[in-house]
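Comments concern the structure below.
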Amino acid sequence: METILVSLGSGLLQAFEPLNLFMIFAGCLAGLFVGCMPGLGSVNGVAILLPVTFLVPPTAAIIFLAALYYGAMYGGAISSITLGIPGASTAVATVFDGRPMAQAGKADQALMAAAIASFIGGTVSIILFTLFAPPLAAFALKFGPQEEFALMLLAFATFVGLGGDDIPKTIFSILLGLVLAAVGFDIISGQPRMIFFDMVEFQRGIGFLVLAIGVYGVGEMLWTLESTAGKVQMHSVKITVSRMKQNLLQVKEYINSTWVGSVLGFFVGTLPAAGATPASLMSYGLSKTFSKDPDSFGKGNVSGVAAPEAANNAASTGSMLPMITLGIPGSPTTAILLGGMIIWGLRPGPLLFTESPDFVWGLIGSMYVANFATVILNIALIPVFIRVLAMPFTLLTPIIFTLCVLGVFATTDRMFDTWIMLIIGVAAYLLRKLNYPVAPAVLAIVLGPLAERSMRQSLISSQGDPMTFLERPISLVCILIAVALVSYPMVAKFLKRNKAVEAAE
Amino acid sequence: MKLWKTLTMSAAALAVMTPAAMAEWQPRKPVEFIIMAGTGGGADQIARLLQGLIEKHDLSPRPFIPINKPGGSGAEALRYLQDKAGDDHTVMMTLNSFYTTPIIQEDLGVDVTQFTPIGLMAMDTFLLWVNSDRDDITDLDSYVSTVKEAGLDWKVGGTGSGQEDSVLTAMMEAAFDYEVTYIPFPGGGTVAKNLVGNQIDSTVNNPAEQMEFWRAGNTKPLVQFTAERMPAFPDVPTAKELDVDIEYYMQRSVNGPPGMSPEAVEWYTNLFQTLFDSEEWQEFCKSDGLTCETMMKGEELAEFHATQKDAHVALIEQVGADAITGE
């Protein structure tokens with residue numbers, strides 16, 4: 001404990017060196033920018049700005065890139081809330097409630113909640129990181145395919161709560177997502193499968209961002225156009241000091257979701273191969289399941305913004321853990337950071353903590369400071385972001401549409417995906433008219449491939465025996481919780497109905 | 001007469017211009033640097049190191065963006081490169097699945113000899129690894145007897161059916177007359193992690209993938225599949241020393257899509273030659289047990305690919321495609 005505090009102290013001192021402090025602010029600002037541009041995420045930002053970091057010492061370099069990573073986590077929330085287009089895959093869950101809040105004239109509240117939740121998520125996560133890095137790394141190693149599958153099952157269980165009350169329609173939506181996720185190459189045998197109309201373009205599969213932008217960008221735009229006949233004027237809000245203060249005090253409403261999201265996000269982030277996107281989706285699902293008022297989720301509940309934002313920031317810190325202790329990146333962005341570390345002459349792995357303590361503790365120290373930097377920058381910039389909503393909808397619609405097309409093309413570089421995105425957008429609009437929830441489909445396409453791979457690996461290793469999932473303790477616990485989660489809303493509903501019947505009698 | 005003069009003049013001008021114009025080709029937009037394997041594996045580490053070196057030494061006016069396409073033992077990446085025919089802004093870091101995957105998946109419609117060879121950066125090696133907790137396994141003999149006893153309960157981790165490690169695993173099955181359960185993971189790094197966590201029993205990782213765990217005392221190598229002992233592993237016997245006739249290497253070459261323009265090929269070849277000669281690359285080769293003496297390129301590399309492809313067809317026939325795909 002004492003050694004940890006001494007090391008942390010020296011790390012913090014490093015973070016406050018003028019060059020490093022400058023790097024933190026520059027990184028956060030750059031991250032905010034790439035994060036809020038649809039199609040540009042933290043991966044692109046880190047890849048593009050990697051060369052800049054060769055001009056400074058390694059510690060300053062990783063501090064810059066790590067700050068950029070957090071900044072992007074928050075930046076994704078900005079376009080999710082103000083435009084309804086997820087700026088990055090990690091911010092998809094933020095759209096669910098962030099967008100309705102903006103439409104109701106509460107964009108400033110949503111942005112404030114996102115900033116505070118991100119701050120708490122990041123801070124909780126870095127404290128856990130500081131105290132428990134080595135034991136957590138050992139715990140992550142206990143996660144074999146069986147445990148990974150059980151965890152995915154747990155995530156799917158939270159979906160059932162996501163779709164509102166109509167469980168059959170939710171399951172339909174999940175299955176639709178799973179089918180789309182299966183398009184491409186079989187992950188074990190490598191054979192092409194689900195190639196619609198034998199078009200070779202489908203061999204590359206349907207990207208998650210293509211689907212998310214289609215559903216939330218185009219689908220949402222069509223829906224708004226229809227329901228308002230183009231006459232809507234977004235409610236813009238006047239920012240005053242007292243309103244900001246009031247927004248700040250609203251934290252009580254979503255603090256529970258934020259704690260849960262922070263811990264969950266950190267934990268999911270530390271598992272290699274999971275990352276911030278599944279973490280934010282799971283956090284949203286859990287927060288909804290245990291909410292006193294689950295019906296208000298998806299219609300502008302502030303906890304629905306806080307939960308995924310806390311989780312994605314926590315996960316971004318968490319995913320540094322396997323990178324530093326095992327040399328295995330927990331997310332695509334940390335994979336690029338890993339490349340950077342190799343260039344700087346550092347070899348990430350179990351020995352990094354003892355061989356390069358200055359580097360590791362400098363990074364940890366900077367994460368504390370970077371969290372403060374992001375929250376300050378974000379709260380200060382809320383009035384600027386809000387201005388977007390002052391535009392008339394007739395002007396905003398073409399801008400959103402352009403950003404959707406641009407965002408998809410920029411990510412995949414294929415016109416084919418742009419067409420798929422448009423088709424999915426129209427399909428999502430029709431599904432919504434028929435009262436099908438679309439969020440579960442989006443979640444299924446993220447988690448489907450992860451769940452499929454781990455399930456098949458487990459079954460290969462047990463030679464086809466499904467009991468393998470119940471024989472291992474961690475996996476068993478996850479599966480039991482999943483079963484409880486699925487039955488909980490049904491039981492609650494049943495009890496409610498019974499009460500209502502009793503009352504009527 | 002005047003017309004003739006103009007014609008000869010312009011022809012002369014053209015003759016002077018062309019080589020200059022050729023030399024001047026350089027990327028006009030970010031270059032996609034495709035990796036046909038997952039993150040944390042050998043190919044990934046190498047590609048990311050090269051990308052970093054390109055940035056560090058400012059060797060390209062546009063950035064190289066590494067993109068992992070591990071799907072279907074590299075099938076996803078091969079198909080992607082095939083579809084990019086004629087594109088001058090995509091190059092791919094390859095490994096032996098470059099040969100094996102199209103052989104095993106006939107309907108993929110990819111012929112790697114059509115691709116544009118750029119440069120062979122290194123030849124990589126394989127070792128057999130187990131977790132250091134396994135006190136019962138100290139050498140190849142005790143390994144083989146333990147595996148025989150365990151039978152199908154013995155789990156070997158690898159990066160996918162048809163990948164080089166599955167070929168090597170099949171070669172070992174044939175040589176020692178045992179059968180194991182092969183579990184595919186999305187990359188060499190994940191395989192290494194699962195060996196350390198005891199989720200699998202053994203692997204045939206490249207040195208780069210296990211180096212840090214080995215240094216930390218988590219895993220141990222039993223045998224190396226090289227002609228001679230590598231300087232990085234002086235105490236580990238080669239299979240040949242133990243009278244087991246298995247020698248297998250992995251090529252790590254950079255290739256472009258079919259029909260790349262000659263100007264672009266020249267530029268990329270020069271780029272990778274510079275990288276190959278760099279101090280950092282040679283240092284990496286030394287510490288990770290890679291062989292990097294001269295960079296094979298152009299025609300020579302094309303011939304190398306053709307021979308390797310034939311060798312793998314023979315090899316797969318010998319051990320049987322079923323042994324590799326586990327069917």
remark   = Sole miss for residue A:134 among (1) open to solvent by less than 30 Å² (accessible area, probe 1.4 Å); (2) more than 20 Å from residue A:261 (Cα to Cα); (3) not hydrophobic (A, V, I, L, M, F, W, C) is condition (1)
note = From the option list B:299, B:263, B:303, B:279, single residue qualifying as touching an Asp or Glu at 6+ places or on another chain (Cβ under 9 Å), more than 30 Å from residue A:187 (Cα to Cα) and open to solvent by 50 Å² or more (accessible area, probe 1.4 Å) is B:263
task = Within the range B:79-99, work out how many residues are of a type in the set (D, E, K, R), assigned to a helix (DSSP H, G or I) and more than 19 Å from residue B:38 (Cβ to Cβ).
result = 1
ask   = Just a yes or no: is a residue in the range A:85-103 within 14 Å of chain B (Cβ to nearest Cβ) and open to solvent by less than 10 Å² (accessible area, probe 1.4 Å)?
value = no
message = Checking residue B:309 against (1) over 15 Å from the mean Cα position of the chain (by Cα); (2) surrounded by 13 or more Cβ atoms within 10 Å (Cβ to Cβ), only one condition comes out false. Which one?
response = (1)
ask   = Can you tell me which of A:484, A:451 is crowded, with 18+ Cβ neighbours inside 10 Å and out of contact with any Cys (no Cβ under 7 Å at 6 or more places or on another chain)?
value = A:451
inquiry  = Contact list please: Cβ distance under 7 Å, first residue in the range A:253-273 and within 18 Å of residue A:289 (Cα to Cα) and touching a residue at least 12 places away in the same chain (Cβ under 8 Å), second residue of a type in the set (Val, Ile, Thr) and assigned to a helix (DSSP H, G or I), pairs at least six apart or on different chains.
reply    = A:258/A:120; A:262/A:120; A:262/A:124; A:263/A:124
remark   = Matching residues in the range B:26-71 (among the small types (Gly, Ala, Ser), facing chain A (nearest Cβ under 7 Å) and open to solvent by 10 Å² or more (accessible area, probe 1.4 Å)) number 1
query = Is the range A:276-293 home to any residue that is assigned to a loop (DSSP other than H, G, I, E, B) and buried (at least 24 other Cβ atoms within 10 Å of the Cβ)?
reply = no
ask   = What single numbered condition from (1) buried (at least 16 other Cβ atoms within 10 Å of the Cβ); (2) outside any strand (DSSP E or B) fails to hold for residue B:235?
value = (1)
ask   = Take the residues of the range B:100-126 that are assigned to a helix (DSSP H, G or I) and within 14 Å of chain A (Cβ to nearest Cβ): which is farthest from residue B:221 (Cα to Cα)?
value = B:107
ask   = Hey, residue B:209 hits all of (1) more than 30 Å from residue B:28 (Cβ to Cβ); (2) in contact (Cβ under 8 Å) with a residue 24 or more places away in the chain; (3) crowded, with 22+ Cβ neighbours inside 10 Å; (4) over 20 Å from the mean Cα position of the chain (by Cα) but one; which does it fall short on?
value = (4)
inquiry  = Need pairs with beta-carbon distance below 7 Å; first residue within 7 Å of chain A (Cβ to nearest Cβ) and within the range B:165-193, second surrounded by fewer than 22 Cβ atoms within 10 Å (Cβ to Cβ) and part of a loop (DSSP other than H, G, I, E, B); sequence gap 6+ or separate chains.
reply    = B:181/A:463; B:181/B:154; B:184/A:188
query = What number of residues within the range B:158-213 are outside any loop (DSSP other than H, G, I, E, B) and closer than 17 Å to residue A:148 by Cβ?
reply = 10
note = If we take the range A:323-440, then helices (runs of 4 or more DSSP H) inside it with 2 or more residues that are more than 14 Å from chain B (Cβ to nearest Cβ) and open to solvent by less than 50 Å² (accessible area, probe 1.4 Å) are A:357-386, A:393-412, A:415-433
Residue in the range A:66-78 that is touching a Pro at 6+ places or on another chain (Cβ under 9 Å), within 18 Å of residue A:370 (Cα to Cα) and either part of a helix (DSSP H, G or I) or of a type in the set (S, T, N, Q) (or both) present = yes
request  = Report the residue count in the range B:217-232 for those that are touching a helix residue (DSSP H, G or I) at 6+ places or on another chain (Cβ under 9 Å), in a loop (DSSP other than H, G, I, E, B) and either acidic (Asp, Glu) or within 14 Å of chain A (Cβ to nearest Cβ) (or both).
outcome  = 3
Residue B:196 vs. criteria more than 10 Å from chain A (Cβ to nearest Cβ) and of a type in the set (Val, Ile, Thr) = no
query = So, in the range B:127-163, of the ones that are more than 14 Å from every other protein chain (Cβ to nearest Cβ) and among the acidic types (Asp, Glu), which residue ends up farthest from residue B:320 (Cα to Cα)?
reply = B:135
remark   = Reported set for the range A:297-306 where residues are part of a helix (DSSP H, G or I) and not polar (S, T, N, Q) is A:304, A:305, A:306
request  = From A:253, A:309, grab the single residue that is at pLDDT 80 or above, buried (at least 24 other Cβ atoms within 10 Å of the Cβ), of a type outside the set (Phe, Trp, Tyr) and part of a helix (DSSP H, G or I).
outcome  = A:309
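Give the residue, chosen from B:219, B:203, that is among the hydroxyl-bearing types (Ser, Thr, Tyr), crowded, with 22+ Cβ neighbours inside 10 Å, within 30 Å of residue B:64 (Cβ to Cβ) and in the same structural domain as residue B:180 (by TED's automatic domain parsing).
Values: B:219 fails: within 30 Å of residue B:64 (Cβ to Cβ).
Of B:219, B:203, the one residue that is among the hydroxyl-bearing types (Ser, Thr, Tyr), crowded, with 22+ Cβ neighbours inside 10 Å, within 30 Å of residue B:64 (Cβ to Cβ) and in the same structural domain as residue B:180 (by TED's automatic domain parsing) is B:203.
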task = Tell me, please, whether a residue that is open to solvent by less than 10 Å² (accessible area, probe 1.4 Å) and touching a Pro at 6+ places or on another chain (Cβ under 9 Å) can be found in the range A:48-64.
result = yes
request  = Could you list, in sequence order, all residues of the range B:109-152 that are of a type in the set (Val, Ile, Thr), touching a strand residue (DSSP E or B) at 6+ places or on another chain (Cβ under 9 Å) and within 30 Å of residue B:258 (Cα to Cα)?
outcome  = B:112, B:116, B:118, B:125
query = What number of residues within the range B:183-195 are open to solvent by 10 Å² or more (accessible area, probe 1.4 Å) and at pLDDT 90 or above?
reply = 0
query = Can we say residue B:159 is farther than 24 Å from residue A:200 by Cβ, open to solvent by 20 Å² or more (accessible area, probe 1.4 Å) and under 20 Å from the mean Cα position of the chain (by Cα)?
reply = yes
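The values are calculated or read from the model by the stated rules, or taken from the named source; none is laboratory data. None of these values were measured; they are calculated from a predicted model. Note: ideal-geometry Cβ built from the backbone for every residue, glycine included; neighbour counts use all protein chains shown. In case anyone asks, the SASA skips ligands and DNA or RNA and just uses the protein heavy atoms, side chains included. Shrake-Rupley method; radii C 1.70, N 1.55, O 1.52, S 1.80 Å.
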